[in-house]
1. Considering region 126-150 alone, what residues qualify as being crowded, with 17+ Cβ neighbours inside 10 Å and within 15 Å of the chain's Cα centre (by Cα)?
2. If the requirement is being surrounded by 10 or more Cβ atoms within 10 Å (Cβ to Cβ), closer than 24 Å to residue 150 by Cα and modelled with pLDDT under 90, which of these qualifies: 35, 11?
3. So if I check each of 122, 100, 107, which one is part of a strand (DSSP E or B) and either among the aliphatic types (A, V, I, L, M) or out of contact with any helix residue (DSSP H, G or I) (no Cβ under 8 Å at 6 or more places or on another chain) (or both)?
4. How many residues are out of contact with any Leu (no Cβ under 8 Å at 6 or more places or on another chain) and either surrounded by 21 or more Cβ atoms within 10 Å (Cβ to Cβ) or of a type in the set (A, V, I, L, M, F, W, C) (or both) when one looks only at region 151-161?
5. In this structure, does residue 166 turn out to be surrounded by fewer than 17 Cβ atoms within 10 Å (Cβ to Cβ) and either in contact with a Phe, Trp or Tyr (Cβ under 7 Å, 6 or more places away or on another chain) or within 25 Å of residue 136 (Cα to Cα) (or both)?
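The values are calculated or read from the model by the stated rules, or taken from the named source; none is laboratory data. Please read all numbers here as calculations on a predicted model, not as lab measurements. Every residue, glycine among them, receives a Cβ derived from its backbone with ideal geometry; neighbour counts consider all protein chains shown.
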Amino acid sequence: LANNDVRYGYAPKEEILKRNFDEAKKLLEPVFAKAYMEVTIVGDFEPTQITKYLQDTLGQLSKREATKTISDNLRVLPFPEVQTKMFSCQSELDKAIVYVVWPTESVWDVQHRRILTVAKDVLRDRLLQAIRQTQGDTYSPRVQSVQSELFKNRGHIGALLMIAPEKLDAISDQIMKIADDMALNGITQAE
């Protein structure tokens with residue numbers, strides 16, 4: 001879902017082993033020297049004592065940037081093109097997980113977020129009715145709606161079901177048909 005963005009996941013071990021302390025120092029020195037810093041204090045403490053501790057420690061640091069800034073080009077994470085990926089692992093369980101995902105907007109549009117909350121609940125109910133209660137092919141379908149606070153216009157709704165491996169294609173198609181019906185015909189008043 002990160003569209004192969006290098007900020008997500010791990011580089012190959014061979015690449016990581018090429019890195020050295022001097023590279024890390026060059027990258028982190030400006031951050032440690034002057035970048036914006038936010039301090040949160042939680043717990044039971046004496047305000048005058050904590051103020052002294054902060055003056056003795058953080059108060060000794062050089063002046064830092066007053067605001068946190070993230071450049072606009074770092075706030076973009078395009079959603080990947082339509083694709084199907086298969087991941088396998090050895091297991092004693094004869095189960096598969098199907099996860100169907102659709103892109104949505106970011107968290108900042110409150111009206112959109114409310115619509116997504118209703119849409120995810122309706123999708124979950126329809127999957128529960130069709131795939132669990134009618135067919136008995138899954139126990140508890142999950143649908144989640146995730147919107148980014150960092151990336152512009154970035155979020156997704158995903159339907160995740162645990163099923164028998166031989167039913168992967170059929171159930172994936174059925175999830176898509178149920179979602180297509182919602183998109184094309186809307187939801188009922190009862191829903």
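1. Within region 126-150, 143, 145, 147, 148 meet the criteria.
2. Working: 35 fails: modelled with pLDDT under 90.
The conditions single out 11.
3. Values: 122 fails: part of a strand (DSSP E or B); 107 fails: part of a strand (DSSP E or B).
Residue meeting the stated conditions: 100.
4. We begin by selecting, within region 151-161, every residue out of contact with any Leu (no Cβ under 8 Å at 6 or more places or on another chain); these are 152-153, 158, 160.
With the extra rule that they be either surrounded by 21 or more Cβ atoms within 10 Å (Cβ to Cβ) or of a type in the set (A, V, I, L, M, F, W, C) (or both), the set shrinks to 160.
Final tally of qualifying residues: 1.
5. On the way: surrounded by fewer than 17 Cβ atoms within 10 Å (Cβ to Cβ): yes; either in contact with a Phe, Trp or Tyr (Cβ under 7 Å, 6 or more places away or on another chain) or within 25 Å of residue 136 (Cα to Cα) (or both): yes.
Yes, satisfied.
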